Amino acid sequence: MVHSHLVKDAPHLPPARRGDLNLENIQKVVYGMYGVVNEGGTGARARIPGLSVCGKTGTAQLASNKVLKGTKLGQGQNMKDNAWFVGFAPQEAPEIVVAALFENGEESKFAAPIART
């Protein structure tokens, strides 16, 4: 098990260990990320003709819906979910990595065009 540590503890950390990753699983993830952008997924707005972009969209709540419904917090623009997009390109030999956060963007699909630009 890997434990988190504060940077001040760095000299006392055990050496990093190499993880064994299953190549077949990695290929499945990459194929899925390609589909998110190029096969009508939520990351379609990150698509760039002639470049095989792979990506994943997501949202991050600032507070639970239960909390927002019970307070005035939910009435303001500043408590809408954050929208995310992370990606890389080209699929075959990645050279570019991108992460886009659209604060209070509500839906993840709105972060994808930010990454495209």
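Hey, can you grab everything whose amide H is under 5 Å from the amide H of I48? Only 5+ residues off in sequence or another chain; H modelled, so Pro and N-termini drop out.
Those qualifying (amide H under 5 Å, at least 5 residues apart or on another chain) are V53.
HN-Hα J couplings of region 16-21 from phi, Karplus 6.51/-1.76/1.60, θ = phi - 60°, integer Hz, Gly and Pro as x?
5, 10, 8, x, 8, 9
Residue by residue, what Karplus-based ³J(HN,Hα) values in Hz, rounded to whole numbers, does region 95-105 have, using 6.51, -1.76 and 1.60 with θ = phi - 60° and x for Gly and Pro?
After applying 6.51 cos²θ - 1.76 cosθ + 1.60, I find 10, 10, 10, 9, 9, 10, 10, 10, 4, 6, x Hz.
In the neighborhood of V37, defined by Cβ-to-Cβ distances under 14 Å, what is the net charge if each Lys or Arg adds +1 and each Asp or Glu adds -1? Write down the numbers at each step before the final one.
On the way: positive: R45, R47, K56, K109, R116; negative: E39.
Cβ neighbours under 14 Å give a net charge of +4.
Quote the FRET efficiency, to the nearest 0.05, computed for T117 versus A63 with a Förster distance R0 of 30 Å and r equal to the Cβ-Cβ distance. Each step should come with its number before you reach the end.
Numbers: r = 30 Å, r/R0 = 0.98.
The computed FRET efficiency comes out at 0.50.
In whole Hz, with x marking every Gly and Pro, tabulate ³J(HN,Hα) for region 41-52 from phi via Karplus 6.51 cos²θ - 1.76 cosθ + 1.60, θ = phi - 60°.
Each residue of region 41-52 in turn: x, 5, x, 4, 6, 8, 5, 10, x, x, 10, 7 Hz.
Given a 1.4 angstrom probe, what's the average accessible area per residue across region 14-117, in square angstrom? Let's see the in-between values first.
Values: 7310 Å² over 104 residues.
Averaged over the residues of region 14-117, the accessible area is 70 Å².
Of D20, D81, which has the most accessible area and how do the rest follow, probe 1.4 Å?
Working: D20 150, D81 45 Å².
Sorted descending by solvent-accessible area, the residues read D20, D81.
Once region 30-117 is represented by equal point scatterers at the alpha-carbon sites, with solvent omitted, what log10 I(q)/I(0) does the Debye formula produce at q = 0.21 Å⁻¹?
Debye curve over Cα of region 30-117, log10 I(q)/I(0) at q = 0.21 Å⁻¹: -0.85.
How far apart, in nanometres, would the label points at V97 and A16 be if each is projected 7 angstrom from Cα along the Cα-to-Cβ direction?
Spacing of the two 7 Å Cα→Cβ label points: 1.1 nm.
The values are calculated or read from the model by the stated rules, or taken from the named source; none is laboratory data. Values in this document were obtained by computation on a predicted structure and should not be read as measured data. Neighbour counts are summed over all protein chains in view; Cβ atoms, including those assigned to glycine, are modelled from backbone coordinates with ideal geometry. In case anyone asks, the SASA skips ligands and DNA or RNA and just uses the protein heavy atoms, side chains included. Shrake-Rupley method; radii C 1.70, N 1.55, O 1.52, S 1.80 Å.
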